[in-house]
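Peer 1: Got a structure here, written out as C-alpha cells. Questions coming.
Each reported figure results from applying straightforward, stated rules to the coordinates on display, with no laboratory input. What you are looking at is a predicted structure, and each value in this text was computed from that prediction instead of being measured. Every residue, glycine as well, gets a Cβ built from its backbone with ideal geometry; the counts of neighbours run over all protein chains shown.
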Amino acid sequence: MDVSFAGKRALVTGAGKGIGRDTALALAHCGAKVTAVTRTQADLDSLLQECASITPVCVDLADWGATEAALQDVGPIDLLVNNAACASLQSFLEVTPDQFDQSFNVNVKAVLHVSQIVARGMKARGSGGSIVNVSSQASQCALRDHAVYSFHDRARCSLCSCPGSGATKGALDILTKVMALELGPHQICVNSVNPTVVMTDMGRLGWSDPEKAKTVLCRIPLGRFAEVEDVVNAILFLLSDKSNMINGVTLPVDGGFLAC
Ligand code: NAP
C-alpha cells in the first residue's frame, strides 16, 4: 500500500522515543511536514539529526498552560497523533492521588487539550483532518494490577498484558468515540490504535523477563509481541485517505489477543 502525506502537516506527541519517534519519522518520510512534541530536548536533538525537516517542540504535556503556549504557533495541522503517555508502578491498593493525577493528566487530559487546539484549527479551516490516539489492548480487557494507568506492580503481576493499560486507556477509548461523534460532521476522523506489548523503552521495563513475557505471548494467537513498525503502519493507515470512512474505531494491533 502506497501512502503519501505530501502537502500534509502532522503533529506527533511523545515523538522522542518508541512508537511516537518512528511515527514522526515515517510521516516525514511519506512527505508530511512534521511537528514533533516531547519533553526531553536531547531526544528532539537526535530526532532532528535523523530528519532535519522536523519541527521540534519541547514541552511537558502534563502542564496545561505550558502546552497552550508551546502549541500556539505550530500553525495548521491536518494529522494529529496523540501518542505520549506516562507510566507508573502501583497496584490498585497502592495507587496514590499524585500518581492518579499524573497519569490522567498526560494520558487523557493532554490528549483532550492537544486535540482541542488542533481540531479548532481544522474546523475553522473547513478542510477536515485525521486524529489517531494511541491507546492499548488493556483498555478493553480487565487486567490484574492495572487500576489506574500503565505500569503496575511488576513483581506481582503475571497475567497483565501490557504496560499501557487500565483506566486512563479506557477513558481514552471513550474519548476517541466522543471526538469521532462530535468532530465527524467537520470531516475530522478520530480513531485509536490499541497495541499489545511493544518492546520500546516502556515495553522493556515491564516485559524483559522471558518467563513473564511467556504469560502474555501464550495468549496472543500470532505468538509474538508487536513491533514498533506494526503500530506505526496501523497509525499511518488510519491517518491516510485509505481509511476515509473509518471513524470512531479502537483498532487492536495485538495479534488477536482481544479476540480470545
Ligand atoms: P516510550 O518509549 O516510553 O515513549 C513515550 C514518549 O512519550 C517519550 O518520548 C516520552 O518522553 C513522551 N512523553 C511521556 N510523557 C510526556 C509528557 N508529559 N510530555 C511530553 N512527552 C511525554 O513509550 P512507547 O512504548 O513508545 O508508548 C507510546 C504509546 O503507546 C503510549 O501511549 C503507550 O501507552 C502506548 N502503548 C505502549 C505499549 C508498549 O508495550 N510499549 C503497549 C500498548 C500501548 P520522555 O522519555 O522524555 O518521558
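Peer 1: Place a point 7 Å from the Cα of GLU68 along the Cα-to-Cβ direction; which residues of the stretch 92-116 have their backbone N under 19 Å from it?
Peer 2: 105-116
Peer 1: Quick one: work out the % antiparallel among DSSP beta bridges in the chain, nearest 5. Don't skip to the answer; put the middle values down first.
Peer 2: Working: 0 of 28 bridges.
In the chain, approximately 0 percent of DSSP beta bridges are antiparallel ones.
Peer 1: Please give the helix 41-50 orientation as an angle from the longest Cα principal axis of the chain, in degrees from 0 to 90, rounded to the nearest 10.
Peer 2: In the chain, helix 41-50 runs at an angle near 70 degrees to the longest axis.
Peer 1: If I model a spin label at HIS186 and LYS214 as a point 7 Å from the Cα along the Cα→Cβ vector, what separation in nanometres do I get?
Peer 2: 5.1
Peer 1: Relative to the longest principal axis of the chain, what angle (0 to 90°, nearest 10) does the C-alpha long axis of helix 228-239 take?
Peer 2: Between the helix axis and the principal axis of the chain, the angle is about 40 degrees.
Peer 1: In whole percent, what relative contact order does the stretch 9-245 give with Cα contacts below 8 Å and a gap of six or more residues?
Peer 2: Details: 447 pairs, mean separation 44.3, N = 237.
After rounding, I find 19 percent.
Peer 1: Here is the link list: LYS109/LYS212; LYS123/LYS169; LYS212/LYS242. Which ones come out longer than 28 Å on Cα distance?
Peer 2: Numbers: LYS109/LYS212 32 Å; LYS123/LYS169 26 Å; LYS212/LYS242 38 Å.
Correct reply: LYS109/LYS212; LYS212/LYS242.
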